[in-house]
Every structure is written in structure tokens, then in C-alpha cells.
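Scroll down for the structure; my scribbles are underneath it.
What follows is calculated from the coordinates using simple rules that are stated; it is not laboratory data. Since the structure is predicted, the reported quantities are computational estimates derived from the model, not experimental observations. Glycine gets a Cβ as well: all are built from the backbone with ideal geometry, and neighbour counts include every protein chain shown.
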Amino acid sequence: MPWAIWSPEDFPKRGDQGFLVDYVQAYRIQVPLSAGAWTALDPDGFYKDTYVTSWVDKEADQKEITISARELATRICRDKGMEFNGTFYPVGLMFCNSDHTSEKEMETLAAEGKKRNLVFRKKVVEAFEMQFRVKMQGGPGRWSPTTYEQECYDLLGMTRPEVVNRPAAQVPANIQIIQPDPAQISQLVAAEVEKRMAELTAPKR
């Protein structure tokens, strides 16, 4: 049975430094997904996976399990979110059996996935802005959003917060600022040094 997954985003993703930062995977099987498209799983309908229950004697204790395409799709969509009222939330991955799902129903699933994805991206923006405010108050955080966070801002039509450069405080006109006299400062420093040296060389009682 041709099970398929719909995604509102591209997977895998690469971060600002070019490293792989996000992907969809289950049972050690990674599935590349394209934004706004249905990705059909293995047409045979089954994936095989092997594991061992003991690292002492791997060959004698090796097990093999068969994973259906439905199991794989369910696990991937669940792992990218959480189950909520029988649906998967929040990234927006959707899945179905295309043989038993009409085109209209698949369009409805995709629309629901887009809706959930927008809610998810709004939460991403809110999380960035919260740590931005903490940073402004002297705590840990970042001034600039990541590539994905900026993508969320653009998709939602929002403007990211900027660091405000406050103008320097203005001195009232009726207050006169007296500049220090370098010669006077030198005399004060010399007198203080002479005093300290006298204290060090004075005979002890």
C-alpha cells in the first residue's frame, strides 16, 4: 500500500554553518521530504531493520523485524511533534494511504498541515524574542536569529526585534562641566606617592 507523508518544510535542513541540523528519521531510516509535497514511501510497503539484544554475541543474538510503511510514517510524524487529540502536532507532518484517500481529503490534510506549521513557526518566533529580551537585560541569549528563525519571520510577515542604540544622556545647559587640570593632577599624584614612601621608610615603634 502506497503510504505517503506530506511536509510543509524541506527535510533534512542545514544550519548557518552548513551542518545537518534537522531531519526526519525513524528506525534508523531517514526520509527526505520536500516542502508542500507528498513523498511516497517504499512501494513494496515494508522496511526491514535488524538489531541485537546483546553486544557479547552479536551474531547469535541478532534479531530482524519488519516495519510497514504505515508504521514508519506514523513514527516519523509522531517524533516530529506530539500526539494531541488523535492528531500529530506541531510541525505539520501529515500522512495517509493514498490508495484509500481521495484527492480532496489529501488536500484537506495538506491545508491542516500548513495551518499547524504556521502555529509552530509562531512559537519559534516567540521563543527567540523571549530569549532576546533576556539578552537585553544582561542574561544569556542571542541578538540575531538563526536562518530558520528568520525564515519564520519572513513567512509570518513579522519584523524581528532590533537592538536599540539609545542616544547619550544630554547635560542640562545650566550645568558647567569642569575639565581636570593635568598639572594639578600630577602634583596630587606626586604628593600621594611621597606620602606612601614616607610611611614605608618610617622606623617601626
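Panel order for 78, 116, by other beta carbons found within 10 Å of each beta carbon, from fewest to most: 78, 116. Bridgeable lysines around residue 48 (alpha carbons under 19 Å apart, same-chain partners fewer than 8 residues away excluded): 58, 63.
Show which lysines lie in cross-link reach of residue 13 when reach means a straight Cα distance below 25 angstrom and same-chain residues fewer than eight apart are skipped. Straight-line reach from residue 13, under 25 Å: 80, 114, 115, 122, 123.
Note that segment 188-195 has calculated 3J(HN,Hα) couplings of 5, 5, 4, 5, 5, 5, 4, 5 Hz, one per residue in order, obtained from phi through the Karplus relation 6.51 cos²θ - 1.76 cosθ + 1.60 (θ = phi - 60°); glycine and proline are x.
Here each label is just a point 7 Å from Cα along the line to Cβ, and for residue 191 and residue 144 those points are 5.3 nm apart. Amide H contacts of residue 14: 21, each under 5 Å away and 5 or more positions distant or on a separate chain (H built 1.01 Å from N in the peptide plane; Pro and chain starts excluded).
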